[in-house]
Amino acid sequence: MSTGSIQARAEGWLGNNDVRLLVALALAIGGLYALFSVVLGFQLNGTVNTLRRVAFLSAIYAMLALALNLQWGYAGLFNLGAAGFMAIGVYTMGILTAPVTASPPGFGLPLPVAIVGAILMTGVIGGLAALPAIRLRADYLAIVTVAFSEIVRLTLRAPEFANTRIAGVAFGTGGATGLSLPSNPIRILFYTDPAATAPAPNALGAAIFSAVEPLGIEQTLVIGWAYVVVLCLCLGLLYWLMIRIGKSPFGRVLKSIREDQQVTQALGKDTRLFKIKTFALGCALMGLIAILWRLSGGYASPRMFKPIQTFYIFIALFIGGTGSPTGSIVGGALFASLLFEGPSFIRRVVAEYLQLSNAPDTLVGALAQLGTLDVTPLLAYSVQDVSISALRLMLLGIVLVYLMQRHPDGLLGHRKAIASSVDLSQQATQEDDNE
Amino acid sequence: MAARDYYSRGQNLVYNRPVLVIFAVIGVFLVFDILRQVGTGTIVITDLMSYLWNGLVLGMSLGLAGVGLSMTYSILNFANFAHGDLITSGAFAGWATAFLIAGLGEFSVESLILIGGPIAVGSNELGINVVNTPLALLAGLLVAAVLTAALSLLLDRIVFKPMRSADGVTLMIASVGVALFLRNFLTYSFLTDSRGLTGGNVPQFTIAGVTFGGHQITLVVVAALLMLGTHILLQYTKIGTAMRAMAANKDLAKVTGIPTERVVKLTWIIGGGLTGCAGFLIALQQGTLTVTMGWDLLLLVFAAVILGGVGSIYGAMVGGVILGIASRLALVWIPASFLLVAAFVIMIVMLLVRPSGLFSGRTTA
C-alpha cells in the first residue's frame, strides 16, 4: 500500500511533534484558501477577509472542542448542553456591561469585571447542574443537558425577561431581538477613542492603516486580524492548560474515571467531586470562549445558542478525536475551515466560474431540466442561500455518521491521552517484539 | 399496629427519598391551588376544561409519536435523535399525497408534490379537511405510514445495522447525524417556507364553552385506535411476544431461537409506521407544516417516553397524555412562553427522581 507508507511517513514526520503538526495544518488550510482566491482572481481585501473568517472560526471551534474534550474526553461526561452554558456566559457578560441607561438596562460594569463575573456565573451554574446530573447514564445525561440548554434559550427569549425589574434592579435579556454587547475591545490598540462613531486612529493605528491602505485593505479587517491574533494566543494558553491538566494528578484521576470508575473509587478517590469540578470548569471555559466569540460581533441573540451549536462542537471534537488536546485543535480547524466555511467558499467559486442563469424556483423545476443533460439549473438551485446551507448541514450529518461507523474515536483517536503515566500497551508490544 | 406500620414506612420514605417527597408535596400543593383558584373564581372553569382538552390533544400526539421512539430505545438500546425528523418526513410524504389526490387536475403536479411552498397553492382553494376530502386524508395517512416505515428500514440498513455492536452513545451520535441529514434534505427539497395545509370550513363543536376542533377530534380518535392496534399486536401475536422478549433480554431471546435481526426490522417497520402517522396527524391538527416540526417536538417526545418509562409503549402513551395535560395546566401559573420550559422541567425532575419512569420494570416492548 503506497498510500499507507506515505501516510506512515507523514505521520512519522508530523506525528512526533504536535506543534509542528498544528503549524503545518494552519499553513495548509491558509494556503488552500489563498491559492483558490489567487487563481480565481478575487480582490485582496476579500481574500484576506475570507482567511480572517476561517482563522477566527477555527480558533473559536478549537477552543470550544478543547473545553468539551475536558468533559467528554477526560471525564466521560456527555454534555449536550454546551450551547446553553455559552449563552449563560455571553448574556451574563452582556447584562453586566450594559449601561444603566440603556434599553434593556444593565449594571454598567467594566468589561474585565463582567468577564470574570460571567466565568464565575457559568462555572457555578455548571457545578449546580452537575450536582444531580452526573449520577445519570450517559444517554440520559445527554437528554437532560440538551433540555437544560433549551430551557436557557427559551428563558432568554421569553418577553417576560426582555426588560424586567427583579427586587428593584432593572435589567433585561432583550428577548427574541437579542442583546447589544460592548464593542470589540481590541479597537483600543488602534484608536484614541474607540467608543466614538468615527474614531481617530492613534500612532500605531495610523502607521498600520496607512501601510495597508494602498493594498486596498480596510481598517475593520486590520482590527479583525488583530483580534484573531489575540484569539490564537488564548488558544495557545488553553492548549497549554489542557496539557498541564492532563498530566497533573487531577487529570490522571479524570482519565482513570473515564477508563474504569469503580477501580478509581476503590483507590479512594471521590469520583463524584472530580466529575462536578470538571463539569464546572468545562462550562466556565465554554462561557469564556463564547464571550470571545460574540465580542467580535458586538451582539448576541437566542438564535445563536440552538442545540445545533453544541452539535457543531461535537463534530469538531469527533473529527479530531476525543481525549487528545492536539486532536481537538486539529478537529476545530478542520471543521471550521472545510465543513463550516468550505461550502460557502465553493459557492463563490461556482458563481464566479459558471455564469448561472436565474435559479429555478423549485427542486422539481431543477430536476426536470436534467432530462436534457443540463446540470446548470440544478447547480443554480443548489447554490442559493437556503439550499447551500442545507447541503452543508447534510454533509455534516454524513460526516458524523461516517465518523461513528468507521472512526468512533476520531481521526486522531489513537493518540488518546493515556490514563497511566507510562503507556502500558506500547510496553507490551515492545516486549512481544523482543520475544 | 397498622398505623405504626404506615408511620415507619413514611419515615423511611422521607429519609431515603427526600427529593421524591419534596416533589410529591409540591404536586399536591399545586392540585389544591387549582381547586382554590377555581373556588375563588380566579380561573374560569371553562378555561380549565380547555386546558385539559388541549392538553389531551397534545398528549395523544406525543404518545403516538413516542411509541416508535420507545420501541427502538428498548430493542436497539439507544436514544434515537433522528426520530423527530422521521415525524417530519412522514408528514411531508403524507401531505404531498393528500395534496396530489385533492388537487389533481386543478393545480400543477409540481406545486402539489411540493405542498405549495414557493409556488403558491391556495390551501383555501384546495379546501382539504376531514369532511371535504376524507379519502385524500386517508390516502395521505397510509402513504405517511408506509414511506416512513420504508425510510426507517433504509436508515437502519445504511446507518445502524453496521454498528449493531456499538455502544448507546456512539449510536446516539450517529442518529444526530441522521437527524441533520434528514431535516436538511427536506429543507433542500421543499425549502423552508411554512405552508398552510387545511382549508374550507373545518367543523367544530362547542360544548359548555369548550371548543372541540374537528381535526383535534380526528387526531385523538385515530391515535387511540392506532395505540389499541399496537397493544393487540404486541400482546397477542407471536411477533409481539418476540419483541417483548428481545426488549427484556436480547441474549436470552437469541438463544431461545428468536430471529433477532427480523425482530429489529419489524420494530423499525411498526415504529416507523406509527411515527409517520403521528407526523401526518400532528400536521393535520396544526394546519401548517414546517421542516422543523418534528425536531421541535423531539425533546417533548423524549420527555413523554422518559416520563412513562423507556421501553414501555403504554408508558409512552400515558407519559404523553400526562405531560400534555400537565404542560397545558401549567398555564394556570406561568405565561405561555414558558410552556416548553415547564415540560422540560417535568422531564428533568422525572429523570432525577425516578429515571426508570412511571411504568418502571414493565418493559412491555
Problem set entry | For chain B, calculated [θ]222 nm from helices alone, where every DSSP H run of n ≥ 4 adds -39500 (n - 2.57) | -24000 deg cm²/dmol
Exercise. Once every DSSP H run of n ≥ 4 in chain A is given -39500 (n - 2.57) and the sum is divided by its residues, what mean residue ellipticity at 222 nm do you get, rounded to the nearest 500 deg cm²/dmol?
Worked result: -21500 deg cm²/dmol
Exercise. How would you rank B:THR230, B:THR187, B:THR292, B:THR88, going from fewest to most other Cβ atoms within 10 Å of each one's own Cβ?
Worked result: B:THR292, B:THR187, B:THR230, B:THR88
Exercise. What is the Cα centroid distance between segment A:335-385 and segment B:16-94, reported in whole angstrom?
Worked result: 43
Problem set entry | Nearest-20 debye value, segment B:17-353 charge dipole, Cβ charges on Lys, Arg, Asp, Glu | 940
Exercise. Residues in segment A:219-233 near a label at A:LEU189, defined as backbone nitrogen under 12 Å from the 7 Å Cα→Cβ point?
Worked result: A:222-233
Seminar exercise, completed: Per principal axis, largest first, the Cα atoms of segment A:42-303 extend in Å by 67, 45, 31
For this session: Positive end of the charge dipole of the protein assembly as shown (Lys, Arg +1 and Asp, Glu -1 on Cβ, about the Cα centre): tell me which of A:LEU334, B:GLY168, B:GLN204 has its Cα farthest that way.
Result: B:GLY168
For this session: Classify the protein assembly as shown as rounded, prolate or oblate, taking a ≥ b ≥ c as the square roots of the eigenvalues of its Cα gyration tensor: rounded when a/c is under 1.5, otherwise prolate if a/b is larger than b/c and oblate if not.
Result: rounded
Problem set entry | Residue order, fewest to most surrounding Cβ atoms within 10 angstrom, among B:LEU299, A:LEU111, A:LEU354, A:LEU285 | A:LEU354, A:LEU111, B:LEU299, A:LEU285
For this session: Mind giving me the nanometre distance, one decimal, between the label points for A:TYR299 and A:ALA266, set 7 Å out from Cα along Cα→Cβ?
Result: 5.8
Problem set entry | Relative contact order of segment A:134-265, pairs being alpha-carbon contacts under 8 Å that are 6 or more residues apart, as % | 10
For this session: Report, in whole Å, the centroid distance computed from the Cα atoms of segment A:272-286 and segment B:277-328.
Result: 33
For this session: Using label points projected 7 Å from each Cα along Cα→Cβ, tell me how many nm separate B:ILE334 and A:VAL19, to one decimal.
Result: 5.1
Problem set entry | Entries in A:LYS277/B:LYS161; B:LYS161/B:LYS254; A:LYS269/A:LYS306; A:LYS269/B:LYS250; B:LYS238/B:LYS265; A:LYS306/B:LYS265 that, when Cα-Cα distance is taken, lie over 26 Å | A:LYS277/B:LYS161; A:LYS269/A:LYS306; A:LYS269/B:LYS250; A:LYS306/B:LYS265
Exercise. What dipole magnitude, in Debye to the nearest 20, does the protein assembly as shown give about its Cα centre under +1 on Lys/Arg Cβ and -1 on Asp/Glu Cβ?
Worked result: 1720
For this session: Mind giving me the nanometre distance, one decimal, between the label points for A:ALA34 and B:TYR15, set 7 Å out from Cα along Cα→Cβ?
Result: 7.3
Exercise. Translational D (Stokes-Einstein, µm²/s) of segment B:27-159 at 4 °C and 1.567 mPa s when Rh comes from the Kirkwood sum over C-alpha pairs?
Worked result: 71
Seminar exercise, completed: Expected sort for A:MET93, A:MET242, B:MET71 with the fewest Cβ neighbours (10 Å cutoff) up front is A:MET242, B:MET71, A:MET93
Exercise. When Cβ neighbours within 10 Å are restricted to other protein chains, what is their mean count per residue of peptide B:327-339?
Worked result: 2
Problem set entry | Shielding score for B:340-346, defined as the mean number of other chain Cβ atoms within 10 Å | 4
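All of the numbers you see were taken from the coordinates with simple rules; none came from a lab. Bear in mind that the values here come from a model prediction, so they are computed numbers and not experimental data. Using ideal geometry, Cβ is built from the backbone for each residue, glycine included, and neighbour counts are taken over all protein chains shown.
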